[in-house]
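Below is one structure, written out as structure tokens; comments come after it.
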Amino acid sequence: MAAELSTSINIKEPRWDQSTFVGRAKHFFTVTDPRNILLTNEQLAHAHKIITEYRQGIVSPGLTEDELWKAKYIFDSAFHPDTGEKMILIGRMSAQVPMNMTITGCMMTFYKTTPAVLLWQWINQSFNAIVNYTNRSGDAPITVSQLGTAYVSATTGAVATALGLNALTKHISPLIGRFVPFAAVAAANCINIPLMRQRELQHGIPITDENDNRLGESTKAAQQAISQVVVSRILMASPGMAIPPFLMNHLEKKAFLRPHTAVGTGRCLFHRSVFLFSLVFATPLCCALFPQKSSMSVSRLEPELQEKIRANHPGVERVYFNKGL
């Protein structure tokens, strides 16, 4: 008879060493696996049961270590790390590849008219708003009013920025004009993410010591977390949006991509194919640029929070927090 699985495995942390980029990349290749969005409610519930019971010291009969880790990554792909709530399907990181493949492919294809730019930028920023809300840091509740205000301000600001940049295409070369969608996405990320997570900037996010003991909430930590996410998201879009402009500019000179009635479909399919290949690698690798469990020195926190920590926890020199995705 096989020995029962030990309850000493630390499933609070990822399976691989998160102090290295390679370890973080392995972790995020699993987290962002598009196949996770195909999991049924029964599979998610089963994984939830395994992880919840294991944390309570209960091991399912016959459970192996590999099965435990598989359940953990299924659990992590669908449930928020701070609130424990089941995340909106299209807001999960595993939905990034198919959703962005479709939306960004169309953004880069239909960019020459104002209505097309407006439509696809609105769709893109609405999707981003859902992702930013779903993958926020912290466990404080957000009211419907706060969420609505954040969504309207984020999407309006991002779409307005995109339209402004699109207006520049009339005065620059066609090749440079193809990069406008990427510039719009980069600028929009700088607007959308902070606005959808503005509550964190106003009230702070939970910070802990290395043993996960909660020490308070910090706006400084929120600033670092959101800055890291903005950088990751911009770089995530770079391969799929920076390479196609050069390829399309070259291929459209060839007979099979010269303007004709089906050129829109051809471009969109081409962009989707290139972007799919890029996203499969760019999404996990860019998520891995910074640890999910980020940290900062106590000396960089708000003065009053520094005093509180040094008074109540004199040995703590570094604090930790979930940066979100």
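The values are calculated or read from the model by the stated rules, or taken from the named source; none is laboratory data. Note that the coordinates shown come from a computational prediction; the quantities given were computed from them, not determined experimentally. Note: ideal-geometry Cβ built from the backbone for every residue, glycine included; neighbour counts use all protein chains shown. We work out accessible area using only protein heavy atoms, side chains counted, and drop any ligands, DNA or RNA first. Shrake-Rupley method; radii C 1.70, N 1.55, O 1.52, S 1.80 Å.
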key: Conditions (1) in contact (Cβ under 8 Å) with a residue 12 or more places away in the chain; (2) loosely packed, with under 14 Cβ neighbours inside 10 Å: number failed by Ser77   = (2)
note = Residues of segment 182-214 being outside any helix (DSSP H, G or I) and either touching a Ser or Thr at 6+ places or on another chain (Cβ under 7 Å) or surrounded by 17 or more Cβ atoms within 10 Å (Cβ to Cβ) (or both), in sequence order, are Arg197, Gly204, Ile205, Pro206, Ile207, Thr208, Asp209, Arg214
key: Yes/no for Thr102 being among the β-branched types (Val, Ile, Thr), part of a helix (DSSP H, G or I), surrounded by fewer than 20 Cβ atoms within 10 Å (Cβ to Cβ) and without any contact (Cβ under 8 Å) to a residue 24 or more places away in the chain   = no
query = Only one of Gly84, Gly105 is more than 15 Å from the chain's Cα centre (by Cα) and either of a type in the set (Val, Ile, Thr) or modelled with pLDDT under 75 (or both); which?
reply = Gly105
Of residues in segment 266-312 being open to solvent by less than 40 Å² (accessible area, probe 1.4 Å) and polar (S, T, N, Q), the one modelled with the lowest pLDDT = Ser278
query = So Glu217 fits all but one of (1) modelled with pLDDT of 85 or more; (2) open to solvent by 70 Å² or more (accessible area, probe 1.4 Å); (3) more than 30 Å from Phe127 (Cα to Cα); what number is the exception?
reply = (3)
task = Considering only residues that are crowded, with 17+ Cβ neighbours inside 10 Å and touching a Gly at 6+ places or on another chain (Cβ under 9 Å), look in segment 166-181 and name the one that is modelled with the lowest pLDDT.
result = Thr169
inquiry  = Which pairs turn up if I take residues in segment 7-18 that are within 15 Å of Glu210 (Cα to Cα) and look for partners that are assigned to a loop (DSSP other than H, G, I, E, B) and open to solvent by 40 Å² or more (accessible area, probe 1.4 Å) with beta carbon separation below 6 Å, at least 6 apart in sequence or on another chain?
reply    = Gln18/Pro291
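Of everything in segment 313-322 that's under 26 Å from Phe21 (Cα atoms) and not acidic (Asp, Glu), which residue is surrounded by the fewest Cβ atoms within 10 Å (Cβ to Cβ)? Outline the logic, then answer.
Quick first cut of segment 313-322, residues under 26 Å from Phe21 (Cα atoms) only: 316-322.
Remaining after also requiring not acidic (Asp, Glu): 316, 318-322.
Numbers: Val316: 17, Arg318: 13, Val319: 25, Tyr320: 19, Phe321: 26, Asn322: 23.
Here the answer is Arg318.
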remark   = Note on Ile58: of the conditions (1) assigned to a helix (DSSP H, G or I); (2) open to solvent by 20 Å² or more (accessible area, probe 1.4 Å); (3) farther than 21 Å from Leu285 by Cβ, unmet is (1)
ask   = Any idea which residue in segment 80-99 is farthest from Ile123 (Cα to Cα), counting only those that are outside any loop (DSSP other than H, G, I, E, B) and either of a type in the set (D, E, K, R) or open to solvent by less than 20 Å² (accessible area, probe 1.4 Å) (or both)?
value = Lys86
request  = Read through the list (1) more than 23 Å from Ala184 (Cα to Cα); (2) small (Gly, Ala, Ser); (3) at pLDDT 80 or above, then give the number of the only condition that Ser126 fails.
outcome  = (1)
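Residue under question is Phe29, and the condition is that it be open to solvent by 60 Å² or more (accessible area, probe 1.4 Å), closer than 20 Å to Pro284 by Cβ and part of a helix (DSSP H, G or I); does it hold? Write out each step before concluding.
On the way: open to solvent by 60 Å² or more (accessible area, probe 1.4 Å): yes; closer than 20 Å to Pro284 by Cβ: yes; part of a helix (DSSP H, G or I): yes.
The answer is yes for Phe29.
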